[in-house]
Amino acid sequence: MPEEFLQAVQNGKDPVPPRQPEYPWPLIGERIFERETCFREMEPGESDEILCDFVVDSDAQVVEVYSYLQNEQKEGREIGWHLTTLYDLEGQRILAQNAPKPTPRKPQDEGSKLQREEGQ
């Protein structure tokens with residue numbers, strides 16, 4: 001767990017930086033898919049999954065997986081769908097997952113990112 005996070009929590013302070021919606025957990029893995037190699041076509045109401053392998057330290061207990069898929073049908077518009085999932089590696093279960101929802105793309109988002117949250 002990042003030292004600055006622990007210090008803030010131990011001192012009764014909010015570890016989330018000012019004007020940020022969440023704590024910037026360390027990035028421990030990322031997969032970026034290109035349309036040519038990972039093409040998917042879905043209709044409203046359908047779901048699909050893209051499998052990825054990540055190697056993490058054995059001391060990791062919980063990971064946060066953030067996925068973003070760009071809507072390439074909306075040319076010139078950076079919009080798509082995102083999903084965040086908290087996964088308990090020890091219990092092998094999903095702790096929390098938000099429903100996929102359309103959202104403007106953040107400049108750094110594309111594909112799936114795995115972030116470690118230790119000590120959860």
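The values are calculated or read from the model by the stated rules, or taken from the named source; none is laboratory data. Please read these numbers as outputs of a predicted model, since none were measured by experiment. With ideal geometry, Cβ positions are generated from the backbone for all residues, glycine too; neighbour counts draw on all protein chains shown.
Only one entry in 103, 84 is modelled with pLDDT under 80, part of a strand (DSSP E or B), surrounded by 10 or more Cβ atoms within 10 Å (Cβ to Cβ) and not small (Gly, Ala, Ser), namely 103.
Selection of first residues in segment 24-51 that are modelled with pLDDT of 80 or more and of second residues that are exposed (fewer than 12 other Cβ atoms within 10 Å of the Cβ) and not hydrophobic (A, V, I, L, M, F, W, C), restricted to Cβ pairs under 6 Å at least 6 apart or on distinct chains, gives the following pairs, ordered by first then second residue: 48/40.
Across segment 38-64, what is the number of residues that are within 21 Å of residue 80 (Cβ to Cβ) and not in a loop (DSSP other than H, G, I, E, B)? Total satisfying the criteria: 1.
One line per residue, one yes/no per condition, for (1) more than 27 Å from residue 22 (Cα to Cα); (2) under 19 Å from the mean Cα position of the chain (by Cα); (3) among the hydrophobic types (A, V, I, L, M, F, W, C):
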{"position": "45", "(1), (2), (3)": "yes, no, no"}
{"position": "60", "(1), (2), (3)": "no, yes, yes"}
{"position": "65", "(1), (2), (3)": "no, yes, yes"}
{"position": "68", "(1), (2), (3)": "no, yes, no"}
{"position": "71", "(1), (2), (3)": "no, yes, no"}
{"position": "80", "(1), (2), (3)": "no, yes, no"}
{"position": "83", "(1), (2), (3)": "no, yes, yes"}
{"position": "86", "(1), (2), (3)": "no, yes, yes"}
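Annotation note: of 16, 63, the sole residue that is out of contact with any helix residue (DSSP H, G or I) (no Cβ under 7 Å at 6 or more places or on another chain), without any contact (Cβ under 8 Å) to a residue 12 or more places away in the chain and surrounded by 12 or more Cβ atoms within 10 Å (Cβ to Cβ) is 16. Just one residue in the set 61, 73, 120 is at pLDDT below 85 and within 25 Å of residue 5 (Cβ to Cβ); that residue is 120. Residue check: is residue 114 at pLDDT below 85, touching a Leu at 6+ places or on another chain (Cβ under 8 Å) and surrounded by 12 or more Cβ atoms within 10 Å (Cβ to Cβ)? So residue 114 passes the test.
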